[in-house]
Protein chains: 2
Amino acid sequence: MQVWFTEDQTPNLRISVRVRQVLHQERSAYQEVMVLDTVEFGRMLVLDDVIQTSQKDEFAYHEMMAHVPLFAHPDPRRVLVIGGGDGGVLREVLRHPTVEEAHMAEIDPQVVEAARRFLPELNDFDNPRARVFFTDGIRHVEEHPEAYDVIIVDSTDPVGPAVALFGTEFHRAVFRALRPGGIFVQQSESPFFNRDLIRRVQASLRSVFPVAGLYWGVVPTYPGGFWTYSVATRGTDPRRPREGAWEAAGLRTRYYTPDVHRAAFALPPFVAELLEPAPAVEPAPGGGAGSPEAGAGNGTPPGAGTAQVAL
Amino acid sequence: MQVWFTEDQTPNLRISVRVRQVLHQERSAYQEVMVLDTVEFGRMLVLDDVIQTSQKDEFAYHEMMAHVPLFAHPDPRRVLVIGGGDGGVLREVLRHPTVEEAHMAEIDPQVVEAARRFLPELNDFDNPRARVFFTDGIRHVEEHPEAYDVIIVDSTDPVGPAVALFGTEFHRAVFRALRPGGIFVQQSESPFFNRDLIRRVQASLRSVFPVAGLYWGVVPTYPGGFWTYSVATRGTDPRRPREGAWEAAGLRTRYYTPDVHRAAFALPPFVAELLEPAPAVEPAPGGGAGSPEAGAGNGTPPGAGTAQVAL
C-alpha cells in the first residue's frame, strides 16, 4: 500500500514512513493530533506533522529522559513531567519505587486522550501515584516553588508555544520549583541540525544553575538519530547513578543501564564544543538575587559570576 | 529547487535529501556510482542508490571505524582497509604515527576515482604510507597471512558482493591474515533494522576469534542513526584505548576521544541481547585446526569449545 507519511525534518531532509492506516486525526486548540499505524515503527504519534514517538523506538527516548535524572538523584520522591502527553516519560518515572508522586503538566488534553486510546502501553495515567494537570507547564512551575526533586521537559520542537521552554525565564522558574539537590532535564534536539539551540540552552542553564551539562542517546525517528538531553541541577552530579539503586529497583529496560547512563555523558568533540561558554554570552537579564522572581522565598538562582560547574 | 534523492532505507522507511546538483553518475562493473551535491549534507557518495558517506557526517563513521581498533592495539604498524573506496577510513588510519603501511583493498576503481575527484578532503591516497589494491578483499586477506595488525571492513550493506564479508569463511581468513594481538572491525548495520545480521556476525566472530564484541556510534545518514561496529581480536581487549596513545598522537577529532571509545562499548540491552549465544548456534563448519585453510602455517582459529570472551 503506497500511503506514506513524510516529515520535513529540516527544509532539506525528509523522512517517510509507509502507513497502514490513519487511526486518528483531529485539530486540537493547540495543534493537529494524528496517530498513524506504520509498517516500520508500529503506531506513531504525530503532532503538526512532526513525529513524536512510536511503538518501536519510544523506549530509547523515554528511558533516557526518565532514568538518568531519577537514578542520579539521591532520593527522588516528587517528579514533574512537562509536556510528554503520550505518557511515556511519566510511565518510566512511575517505575521507580522511590517516587511517591509523579505529576504531568500537559497543555493539550487531546494528546493525552489520543495516547490513552491508541497507545495504551505507553502510559500509566491511572496509576494512583500519577496526576495529570492540563495546564501550561511554565505557569505550573511558577506556582509550585520547591515542590519537585526532578523536573523533566518532554516538549515538541522549539517552535510555537514550546519556544518559551528553552528560555532563561523558564529555567529560572524551574530552578525555584526544584528542591535542593533537584535535577532538571529537557530534550534539546540534534547537534547536527540544532547547534545554535543547544548552545543557547546550555548558556541559559549555566546562567541559572550551579551544575549544567548534556548527555545524549539515539532516537531513530528524530532527525539524524543523535539526540541530546540538557541537564542542570541544584548541586547533584547527574553523571553518576546512585550506588545500588539500579539493583534495588529491578527494572527491566531496553536502553538504559547504569553503564549506558555514565557513557551518555561521554561527548564527542563536535557536541562538547557546544557546551563551552562563548566569548560574548550576555549575562541573563535580571539573573541572580535581584531578579523580580526571586522574591517568592524560594531558592535563589546563582547569578552571573557564581562559580559554576559545566560538565 | 525541488530535486530530491530518496533512499529506501527499508521497504517501509525512506530518507530524502534535497539535491543542488548531480555531480557524477556512472555505472561501473560493480554498481552505480553517484556523487550528489546536497543542501543538508554537502557532497554525498551514493552507490546503487544507498548513501555511503557525506561531507557533513563522514567524520562520525570514519573516526569510529579507524580509531577504536588503532588506539586499542598495542602497536599498530600495518593496517588493511577492505572496501572504503571513498578513502575516509584510510585517511583516519594514516593519521596514526605508529602506522608504517596502510593498505586498502577496494574492488571498484571507479569509486576511488570519484572520491579523488569529488571528495578530495575525504582521502589521502597519495600518502607515501598508503597503497591501494584494486582487488577482491577476500582474496587479498587469503593471500596475506599474518600480515596485518588491524583489518577494517568498510563495506556496503550485506547484499550482492558484500554478503561474503559477513560470513564465517571470510572471518577465518581474516583471523589468519592478522598478526598475534591483531584486531578486526567491520561495520555491522543497525540494531533497529538488521538484528538477525548482527546476531549472525557476532556468532560467526565468536566461532573464530578468542575475543569478540560490538561497539556503536551514530551516523545520521544511515537508517535510524544508531550504527554498530563488530569487533574481534586475537587476544587484545578492544575496549581500552592504550595508555598515553591519544595524547602522543595529538589528533584533532570531531567524534572520537578515549572517553567516547570506552563509552561506545556500553551497550543498551536491546543491543547487548544480540551478542548472547543463541541456544542453537551451529559450530562453524570446518572450524579449528582441521579446517582446510589452516594448513597455510598461519595462526589457527580456535575451534568450537575453545574458551572465548564475548565483550
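Just so you know, all these numbers are worked out from the coordinates, no wet-lab data involved. Just so you know, these numbers come straight off a predicted model, no measurement behind them. Ideal geometry is used to build each Cβ from the backbone, glycine not excepted, and the neighbour counts take in all protein chains shown.
Worth pointing out:
- Neighbouring partner chain Cβ atoms per residue of A:215-224, average, 10 Å criterion: 5
- Taking every alpha-carbon pair under 8 Å whose residues sit at least 6 apart, chain B reaches a relative contact order of 16 percent.
- Summed residue charge, Cβ within 14 Å of B:ARG20's Cβ, Lys/Arg positive, Asp/Glu negative: +1
- Between B:ALA164 and A:GLU113, the simple label model (points 7 Å from Cα in the Cβ direction) yields a spacing of 6.2 nm.
- Under the combined filter of DSSP loop state and at most 12 neighbouring Cβ atoms within 10 Å, the stretch B:49-104 retains these GluC sites (Glu not before Pro): B:GLU100.
- 13 Å cut-off, amide nitrogen to a point 7 angstrom out along A:GLU276 Cα→Cβ, residues in the stretch B:51-82: none
- Each Lys or Arg adds one and each Asp or Glu subtracts one; over the other residues with Cβ under 15 Å from the Cβ of A:GLY87, this totals -4.
- Approximate spin-label separation B:ASP48-B:GLU26, in nm, with each point projected 7 Å along Cα-to-Cβ: 2.0
- Residue of chain B whose Cβ sits closest to the axis mapping B onto A, with distance in whole Å: B:GLY225, 1
- Normalised alpha carbon radius of gyration of the stretch A:5-92 [divisor 2.2 N^0.38 Å]: 1.26
- Normalised by 2.2 N^0.38 Å, where N counts its residues, the alpha-carbon radius of gyration of the stretch A:4-54 equals 1.09.
- Based on C-alpha pairs under 8 angstrom that are at least 6 apart in sequence, the stretch A:126-197 has a relative contact order of 38 percent.
- Euclidean distance of C-alpha centroids, the stretch B:144-205 and the stretch A:109-161, integer Å: 46
- In chain A, the DSSP-assigned H stretches of four residues or longer account for a calculated mean residue ellipticity at 222 nm of -7000 deg cm²/dmol, using -39500 (n - 2.57) per stretch and the full residue count as denominator.
- Contact order, relative form, for the stretch B:4-53: 28 percent (alpha carbon pairs under 8 Å, 6 or more residues apart, mean separation divided by residue count).
- Between copies, A:ASP8 shows label-point distances of 2.7 nm, shortest first, with the point placed 7 angstrom from Cα along Cα to C-beta.
- Placing a label point 7 Å from Cα along the Cα-to-Cβ axis, A:ARG195 is separated from the same position in the other copies by 3.6 nm, shortest listed first.
- Positive minus negative residues near B:ALA272 (Lys, Arg vs Asp, Glu; Cβ under 15 Å): +2
- Neighbouring Cβ atoms from other chains, within 10 Å of the Cβ of residues in A:16-24, number 2 on average.
- Alpha-carbon centroids, the stretch A:233-274 and the stretch B:251-273: separation in whole Å: 14
- For B:GLU276, inter-copy separations between label points set 7 Å beyond Cα along the Cβ vector come to 4.4 nm, shortest first.
- 5 angstrom amide H check on A:ARG20, placed H, neighbours 5+ away: A:ASP37, A:THR38, A:VAL39
- Annotation: for a label point projected 7 angstrom from Cα along Cα→Cβ of A:ARG77, residues of the stretch A:84-116 with backbone N closer than 11 Å are A:99-101.
- Convex hull projection area averaged over all views, the protein assembly as shown, Cα basis, nm²: 28.4
- Note: chain B, Cα convex hull, 126 Å³ per residue.
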